[in-house]
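Quick notes on the structure that follows.
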Amino acid sequence: MDLIEGLKGDYERLLFIKQCVEPYGIITTRATTIKNGKKLDFCVIQRIFALDSLSLETGIRNIHSILPDAVEVLPGVASKIITTIGNSVQIPIIAGGLIHNKKEIMEAISAGAMAISTSKQELWILSQ
């Protein structure tokens, strides 16, 4: 949601997106967008950039107050951070960012991620 140029996450613009595009859900870093998305019955994923201890603590605090449907943790290769968030919140975690191979996917899943987001199409479908 945050990357759509010219559209903010206020209620009216999300309603427009819902009526015209009919997406299943949205991904955003913004608390207001999450709250408005929930009002419109979107599946709402909160994106967290875990760059340091402070951003991790702030992210966990925001998850508890906003209650998104899932959390995307970036970078997705941060297994320790995924485990920390998984131990602190009871919602699904998606690992995203800097994932380049199957080993990194398996590490994120082992750490507690329930899914992976990556722009590398060759990783979208992997055989066991």
Between LYS8 and MET114, Cβ-based FRET efficiency (R0 35 Å, step 0.05) works out to 0.75
Please identify, among VAL71, VAL21, VAL89, the residue showing maximal mean-square fluctuation in a Gaussian network model of the chain using a 10 angstrom Cα cutoff. VAL21
In a Gaussian network model of the chain with springs linking alpha carbons closer than 10 Å, the residue among GLY96, GLY76, GLY25 that fluctuates most is GLY25
Go through segment 1-74 and name the chymotrypsin sites (Phe, Trp or Tyr not before Pro) that are in a DSSP coil and have 14 or fewer other Cβ atoms within 10 Å of their Cβ. TYR24
For segment 83-128 the trypsin sites (Lys or Arg not before Pro) that pass both the DSSP coil test and the at-most-14 other-Cβ-within-10 Å test are LYS120
Between GLU22 and GLN121, 0.36 nm times their residue separation minus their Cα-Cα distance comes to what? 33.3 nm
Counting other C-beta atoms within 10 Å, which of ILE45, ILE109, ILE17 has the fewest, and how do the rest follow? ILE109, ILE17, ILE45
For LEU67 and LYS38 in the same chain, what is the full-extension length gain: residue separation times 0.36 nm, less their Cα-Cα distance, in nm? 9.5 nm
Which of the lysines could a cross-linker bridge to LYS35, judged by Cα under 24 Å and excluding same-chain residues fewer than eight apart? LYS8, LYS18
Restricting to lysines and to Cα separations under 18 Å from LYS120, and discarding same-chain partners fewer than 8 apart, the set is LYS102, LYS103
Please compute the modelled spin-label separation between ASN101 and ASN87, points set 7 Å along Cα→Cβ, answer in nm with one decimal. 2.8
From the mean inverse distance of alpha carbon pairs (Kirkwood) and the Cα radius of gyration, derive Rg over Rh for the chain. 0.98
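Values quoted throughout were computed directly from the atomic coordinates according to the rules given, and no laboratory measurement underlies them. Note that the structure is a prediction, hence the values are computed from the model and not measured. No Cβ is skipped: glycine too gets one built from the backbone with ideal geometry, and neighbour counts run over all protein chains shown.
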